[in-house]
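Below you'll find the structure, written out as structure tokens, and then a few comments.
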Amino acid sequence: MKLKLDLHPIYNRGAEIDKALRDVIDEAVRKKATQVEIIPGKGSGQLKKRVLRFLEQKEIKALYHRIDKDARNHGRLFVYFRHG
């Protein structure tokens, strides 16, 4: 199962971004999703940096296996999960 989070609609609302990220990670864990695609968009890269900082937090990092950056589209990140 794959989940997707597009941050374009809330790119300028900090608290909502963190909540949306937390919610999609929690949902992935709950539903045992294998992958979450996060789309911060291609802007200045500030939103992508924010997303990566969020994912680097110790308690969040413990929930997923690895992160991949899309080689062809720098506006996308993939977070992979291992369950079990």
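Throughout, read-outs are computed from the coordinates displayed, never taken from laboratory work. This one's a predicted model, so the numbers in the text were calculated from it and none came from an experiment. Heads up, the Cβs are rebuilt from the backbone with ideal geometry, glycines too, and the neighbour counts pull from every protein chain shown.
How far, in nm, would the chain grow between Leu52 and Lys19 when pulled straight, counting 0.36 nm per residue and subtracting the alpha carbon separation?
Difference between extended and current length: 10.4 nm.
Please give the net charge around Glu16, taking every other residue with its beta carbon less than 14 angstrom from that of Glu16, where Lys and Arg add +1 and Asp and Glu add -1.
Every neighbour counted, the sum reads +1.
What longest range of the chain stays clear of loop-exposed trypsin sites (Lys or Arg not before Pro) (DSSP non-H/G/I/E/B, at most 13 other C-beta within 10 angstrom)?
Longest site-free region, per DSSP loop and neighbour criteria: 43-71.
Can you compute the charge dipole magnitude of the range 2-69 about its Cα centre, using +1 on each Lys and Arg Cβ and -1 on each Asp and Glu Cβ, nothing else charged? Give it in debye, rounded to the nearest 20.
180
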